[in-house]
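Right, one structure below, let's go through it.
The values are calculated or read from the model by the stated rules, or taken from the named source; none is laboratory data. Fair warning: this is a prediction, and the values are worked out from it, not measured in the lab. For neighbour counting, all protein chains shown are included, and Cβ atoms are generated from backbone atoms with ideal geometry for every residue, glycine included.
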Amino acid sequence: MYYAVISKILGILLMLFSLTLLPPAFVSLYYADGTHVSFFISFAISFATGLAAWMPVYRERKDLRTRDGFLVTALFWLVLGSFGALPFILADSPSLSIVDAMFESISGLTTTGATILTNIDSLPKAILYYRQQLQWLGGIGIIVIAVAILPMLGIGGMQLYRAETPGPVKDSKLTPRITETAKALFLIYLSLTIACATAYWLAGMTMFDAIGHAFSTVAIGGFSTHDQSMAFFDSPAILIVSMVFMVLAGINFALHFFAWRAKSISHYFFDPESRFYMGMITFGLIVTVTYLWHSGTYELETAALYGSFELISILTTTGFGVADFSAWPTFLPMFIFLFAFMGGCAGSTGGGIKMIRILLIIKQGAREIHRLIHTNAIVPVKIGKKIVSDRVIDAVWGFFSMYVLAYIILCLLLLATGMDFLTAFSAVGASINNLGPGLADVSAHYGSISDSAKWLLCFAMLLGRLEVFTLLVLFSPMFWRR
């Protein structure tokens, strides 16, 4: 383990992150909300700590190995999440406790969007901006790691894109070529954000709200600058803009890269995961809108608008709200909530299990049924025209089994804190899928649950964002052996 190189990288990351604490300080000065001091202090603490970690080892030049990559990837959110909590603790408003500040910070950086805050409209402008910015920074971090790094570690849904993914995916070490991929991805991510902010502004948002909601939309985060989320604006145009960019952000960013490089959108239609993703959205929309209209919950036009928005928001694991979907009739709340388990595509800012894994599980199930009928048949699993190796299938089933096991254990632990079953089930689901809103007592916010439950959910957010194995591997004794 190259601890010196790991310290160097984390020091650089922390110093870079400290610079992101300056824009909220300037927002505070512009709006004169009095929180600028807390941001300047947080900047000084973060930069000094990063400098202290970097200075003794800045001459180290070794490339990271796979094992080092796991540790850096896991520490990325843990370290930045911890220092990201400083403004919430130091500011007079909201002046959160350590556990609440950590919960809010990790929720932001992992783009979960679960919040412990209430009366959001009354918070200082700088704090509102900072929450949105946290999600945007977490989103680009997710994209770079998911597309450029996780495939090299042999995990994540991006394994299937080894041959096509831009970047050094065939190398055995993490090399500087990753920076080329990261630059391209950042430009695409930034372009989507600018386009989204402009569309929100043209649709009727103020510039402050447009920028803030563009941050959380493209990052599939779900934080809002208002308690009522998207319902605050009471605008069909804004909801349509939001749906379009949520769908785009849930698509594999490697496809955005291909479309940008080839100046063609054909990749979106030929990619099996993208087609499956759009198919699931279409199926969910038909069921949700039809049932809302048929049950008399809304008129057809409102059912189409609200039903489509909530379904897309939950499926992509964004978590924006325009209505309380948990109060919708009969099976619909659970139906919509379960769509979050599929999540976005691999290599997107979306959470969940990922569409490519769900597609592979379905195809593997169909293969087993075929084998029962034709016992001697050799039936390969294909994604498009590409045969998927048994190693990848095994990895998907391994991920799914560990995901389910972690889900069950976390649910039981939350039940042990005194939480009721529906709240515990949905809180774990909303956290491990990086969704945000749950059902029952956590449908609006997480401020009323116990501190122990909040720590457990922080772990669930990190577990989901780090594709389960990346975090669990650190608990294996074999990982630390030479």
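Quick look at the numbers
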| read-out | value |
| --- | --- |
| Residue within the stretch 342-349 that is at pLDDT 95 or above, hydroxyl-bearing (Ser, Thr, Tyr), outside any helix (DSSP H, G or I) and under 24 Å from PHE215 (Cβ atoms) present | no |
| Tally, over the stretch 351-366, of residues that are assigned to a helix (DSSP H, G or I) and either touching a residue at least 40 places away in the same chain (Cβ under 8 Å) or surrounded by fewer than 13 Cβ atoms within 10 Å (Cβ to Cβ) (or both) | 8 |
| Filter pass, SER452 being in the same structural domain as GLY347 (by TED's automatic domain parsing), surrounded by fewer than 17 Cβ atoms within 10 Å (Cβ to Cβ) and polar (S, T, N, Q) | yes |
| All positions within the stretch 185-229 that are surrounded by fewer than 18 Cβ atoms within 10 Å (Cβ to Cβ) and touching an Asp or Glu at 6+ places or on another chain (Cβ under 6 Å) | HIS226, ASP227 |
| Which listed residue, of PHE270, PHE233, PHE223, is under 18 Å from the mean Cα position of the chain (by Cα) and of a type in the set (A, V, I, L, M, F, W, C) | PHE223 |
| Qualifying positions in the stretch 85-134 - crowded, with 20+ Cβ neighbours inside 10 Å and among the hydroxyl-bearing types (Ser, Thr, Tyr) | SER105, SER107, THR110, THR111, THR112, THR115, TYR129, TYR130 |
| Criterion: charged (D, E, K, R), surrounded by fewer than 21 Cβ atoms within 10 Å (Cβ to Cβ) and modelled with pLDDT of 90 or more - qualifying residue of ASP33, ASP68 | ASP33 |
| All positions within the stretch 369-386 that are among the β-branched types (Val, Ile, Thr) and either at pLDDT below 85 or surrounded by 12 or more Cβ atoms within 10 Å (Cβ to Cβ) (or both) | THR375, ILE378, VAL379, VAL381, ILE383 |
| Scan of the stretch 270-328 for residues that are of a type in the set (Phe, Trp, Tyr), in a loop (DSSP other than H, G, I, E, B) and surrounded by fewer than 18 Cβ atoms within 10 Å (Cβ to Cβ), ordered by number | TYR298 |
| Count - residues of the stretch 430-445 that are over 20 Å from LEU78 (Cα atoms) and of a type outside the set (Asp, Glu) | 8 |
| Subset of the stretch 445-482 that is among the β-branched types (Val, Ile, Thr) and in a loop (DSSP other than H, G, I, E, B) - its residue that is modelled with the highest pLDDT | ILE449 |
| Residues of the stretch 12-51 satisfying the condition of being within 23 Å of ILE140 (Cα to Cα), out of contact with any Leu (no Cβ under 7 Å at 6 or more places or on another chain) and among the small types (Gly, Ala, Ser) | SER18, ALA25 |
| Residues of the stretch 329-350 that turn out to be surrounded by fewer than 20 Cβ atoms within 10 Å (Cβ to Cβ) and on the phi > 0 side of the Ramachandran plot, as a count | 1 |
| Tally of residues being in a helix (DSSP H, G or I) and basic (Lys, Arg) across the stretch 367-426 | 3 |
| MET205 being of a type in the set (A, V, I, L, M, F, W, C), in the same structural domain as PHE339 (by TED's automatic domain parsing) and not in a helix (DSSP H, G or I) | yes |
| Hits in the stretch 50-66 - residues which are over 30 Å from the mean Cα position of the chain (by Cα) and in contact (Cβ under 8 Å) with a residue 60 or more places away in the chain | LYS62 |
| Out of LYS363, LYS382, sole residue that is touching a strand residue (DSSP E or B) at 6+ places or on another chain (Cβ under 8 Å) and over 23 Å from PHE245 (Cα atoms) | LYS363 |
| Close pairs (6 angstrom Cβ cut-off, 6 or more residues apart or separate chains): without any contact (Cβ under 8 Å) to a residue 24 or more places away in the chain in the stretch 100-123, in a helix (DSSP H, G or I) anywhere | ALA101/PHE88; ALA101/ILE89 |
| Any hit, the stretch 79-89, residues being hydroxyl-bearing (Ser, Thr, Tyr) and free of Cβ contacts under 8 Å to residues at least 24 places away in the same chain | yes |
| Verdict on PHE47 being crowded, with 18+ Cβ neighbours inside 10 Å and without any contact (Cβ under 8 Å) to a residue 40 or more places away in the chain | yes |
| Within the stretch 230-246, tally of residues that are surrounded by fewer than 22 Cβ atoms within 10 Å (Cβ to Cβ) and within 12 Å of LEU192 (Cα to Cα) | 1 |
| Residues of the stretch 116-146 that turn out to be under 12 Å from THR225 (Cβ atoms) and not in a helix (DSSP H, G or I), as a count | 3 |
| Odd one out for LEU466 among (1) surrounded by fewer than 24 Cβ atoms within 10 Å (Cβ to Cβ); (2) within 20 Å of the chain's Cα centre (by Cα) | (1) |
